[in-house]
Structure formats: C-alpha cells, structure tokens
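Reading through the structure tokens given below for one structure.
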Amino acid sequence: MLHSRDPDPTDSNVSLSVESYGRIHFGLMEICDGQPHCFGGIGVMIDHSRAIVQAKLQNQSERLSRSFTPESCHIEADQYWLPRIEAIVNAWHTRFGSVPVESLALHSTPVPHCGLGSGTQLACTLVAALLAAHRHSDDAKHTCTFTFATIPKLLESLDADPAFSNLRPIERLSALSQRGKRSNIGLCGFLQGGFVVDRGETIAQRTQHFSFPEQWPILIIQDLTSLGDSGTAESKMFEQCSQSPNPNRSQMLHCIDQEILPALANRDWVQFDHALGTYGRWAGQIFEPVQGGIYRTPQIANAIAEASKLGITGASQSSWGPSICAIARDDDHAKWCEARLRTNLTNARIHVTKAINHAARLCLP
C-alpha cells in the first residue's frame, strides 16, 4: 500500500522514503553460460533485513537556479554503504545529467554478505527514490500535479527515453540499479514481493511471483563464524563450476512446477518442505567441486542437519550463506524449533519472520 499526497512544488522540505525487504535465494538452476536458459532459480521475500532510504527533494527555485551534481548531494550512510550509494548516484547523473535530490539518508541498513540480497535490495531502493524524485521534478517544471504511483508505474514513466522504450519495468530496474546479472529474484521481489520463480535469461516471461502462505513462519539462521562470498571470490567460484551444464536442471524445473508451486497453491506444508529440501540439495551440487560439499561451510551443513532433526527437511542455504532458511509449519512449530536451535547452535543468530507478499513501499511522510 502506498501513501500518497500532492506536494507543493515550491515546498523546500518535501521528502520521500522507500522501504524494501530482504530475500531468501534457494539456489540457481544453471550457471553454464553456454546454455540457453542460464541461471534461474527460486526465492522468497521476507520481513527481515529492511533497507529504508529517505530522500530530500529540491524545491523549484533551487532547481531552476543551479545544477545538482553528485557532489551537491549529501549522503548519510556508514562507511560500507557510502561508496556503493555514491556509485548509484554517479551512474544516475551520467545517464540523466542531474541528481534530483538534495540528500539521501540510509535509515535502516541491511546486513551485507549474509545471503539475503542486500546489494540488490539497496541499489533498487536508491533507484526508486531517485526515480520518484525525478518524476516529481519533471511534473513540477510543467506545473503538473504529482501523485506517487507504484514503483513499476514510475519505471513505465520512462517510456519517452529511447534507452528504455523497449524494456519491461524489471529490465529498466536492472539497467538503472546495475543488478540482476545472474538472478532476477531480488528485482522481481522488490517490484512485487512473494515467492519468485526465475526461469532463466532467454524466457519471454522470465520471472513469476506467487503469494507465500503467511501462516508459515520463516526461521533465519545465521552462522556467526563466516560470511558469504561476493565480488572476486564469487566470480572465481562461478568460473570453476560453470564449465559444464547442470545435469539436474530439468529435474529442478519439474520439482518447481509439479511439487513446489502446487504445494504453495494448496498450502500443503509437508509437500512444500520436502520438495524445497530436494531442490536445495540439487542447487548445492552445482558448487560442490569448490565447496567440498553441497553447502558452503561445515557450520551451514550442521545447522541444516539440526533443523532436519526438528522435522524441517527443507532447510536450505540462502545464496552463498551464511544465512539458512527453515520454514516452519505454524507459529507453535516455529517457537519450538527456535528454542531448540538456540540450544543446539551456539554460534548462530536466529530470527523468526514472515514472508512479504507486497512490493517495496514508496511513501511521502
């Protein structure tokens, strides 16, 4: 749900905020670049590891009297995220010739390198804030009433730009955020929420999203002794493991279409849990040559084994870890599992959360 109002274009204090959510990635289906349907996978958006960006917009008199550059945009963020935000702002300025905000402040910070999609999440959040401010600026110049629409609608407002005219909203978001090289799950989840299926890069309708049962609590188990891979280390692992096609891709697609999606539709937790575990083990086998097993670390493997002892056979590593996702049957089951996991996993942080079945939120305070 969006909060809307029509701001006065001369208002010097107009600000907006964008709130986004973490995502669980249950694993890719293919990483061999030579295959026609490379990458692809499944994931779910969660009410955890939120990112909140607040942007202060320029007033009309300032906008007409001076040019706004990346240097004139004040950014409030910690030292990890600051250069990443600056990169997005610089890329925006290069593409559009101006930065449509006076300041950007990161009020809630997602934890990086824990397998919850923080990089994509923050990049999309910033793009949405800049795009909304850009739309406000254009409307104010033409004395038009500006009312916030959904983020996909804002992306559709780029129709007049030749660089975007033939692209769908998710492709426009990918171009602006410079994310989605391998997986579109975070992009689709940002725009629509829910459980996301990414079928690969050459499919006309690459991604689909489905409502995820909110009565199924989600336990996020984070191993505190390691971090997930990214950057050069991640690229090297992909290079080593992408020399031949995944022999299990067709079985993984069959598992999605014949077991996982029907179980979601029927709210059949037993079938879903079993099928998700099967899918996760196939996904892990892709990287077994460099991991020494189907999970990134022995600690992750141990945590998944502990969850399995409690009846959650679908516990899975998210992305590169160290976060693990274990989906419980109901609230009582989640509380029971949480208590035992806290006892049995001494070097882990455990959160109980729910799925998010809606898009990132864009609002004016």
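Throughout, read-outs are computed from the coordinates displayed, never taken from laboratory work. Because the structure is a prediction, the values reported are computed rather than measured. Using ideal geometry, Cβ is built from the backbone for each residue, glycine included, and neighbour counts are taken over all protein chains shown.
What are the ³J(HN,Hα) couplings of the range 187-192, residue after residue, when phi is run through the Karplus curve with 6.51, -1.76, 1.60 and θ = phi - 60°? Round to Hz, x for glycine and proline.
5, 5, x, 5, 7, 9
5 Å is the cut-off here: which amide hydrogens, built 1.01 Å from N in the peptide plane, fall below it relative to residue 99, excluding neighbours closer than 5 in sequence?
For residue 99, whose amide H was placed from the backbone, the distant partners under 5 Å are 68, 69.
Once both labels are modelled 7 Å past Cα along the beta-carbon direction, what's the residue 111-residue 150 spacing in nm?
With each label placed 7 Å out from Cα toward Cβ, I get 3.2 nm.
Highest first, please rank the peptides 318-326, 289-297, 72-80 by the mean number of other Cβ atoms sitting within 10 Å of their residues.
Descending mean neighbour count gives 318-326, 289-297, 72-80.
Want the number for residue 78 to residue 344: 0.36 nm per residue separation, take away the alpha-carbon distance, what's left?
This chain segment gains 92.4 nm when fully extended.
Taking H placed 1.01 Å from N in the peptide plane, check which residues at least 5 places from residue 75 or on another chain put their amide H under 5 Å from its amide H.
Here the answer is 104, since their amide H atoms fall under 5 Å of that of residue 75.
Please get the size of the charge dipole for the chain, origin at its Cα centre, with Cβ charges of +1 on Lys and Arg and -1 on Asp and Glu, quoted in debye to the nearest 20.
Value, rounded to 20: 220 debye.
Would you work out the relative contact order for the range 218-353, in percent, from Cα pairs under 8 angstrom that are 6 or more residues apart?
It comes to 40 percent, rounded to a whole number.
Dipole of the chain (Lys/Arg Cβ +1, Asp/Glu Cβ -1, origin at the Cα centre): which of 319, 96, 243 lies farthest to the positive side?
243
Please compute the length gained on full extension between residue 168 and residue 182, using 0.36 nm multiplied by the number of residues separating them and subtracting their Cα-Cα distance.
Here the answer is 3.3 nm.
Quick one: Karplus J couplings for the range 26-35, per residue in order, coefficients 6.51, -1.76, 1.60, θ = phi - 60°, nearest Hz, x for Gly and Pro?
The phi angles translate into 7, x, 7, 9, 7, 10, 7, 4, x, 7 Hz.
Counting helices only, and only those DSSP H runs with n ≥ 4, report the 222 nm mean residue ellipticity of the chain as the sum of -39,500 (n - 2.57) divided by its residues, in deg cm²/dmol to the nearest 500.
It comes out at -11500 deg cm²/dmol, rounded to the nearest 500.
Checking the a/c ratio against 1.5 first, then a/b against b/c, what shape does the Cα gyration tensor give for the range 214-365?
It is rounded, given that a/c, with a ≥ b ≥ c, falls under 1.5.
Place a +1 charge on the Cβ of each Lys and Arg in the range 218-353 and a -1 charge on the Cβ of each Asp and Glu, then give the dipole magnitude about the Cα centre in debye, rounded to the nearest 20.
220
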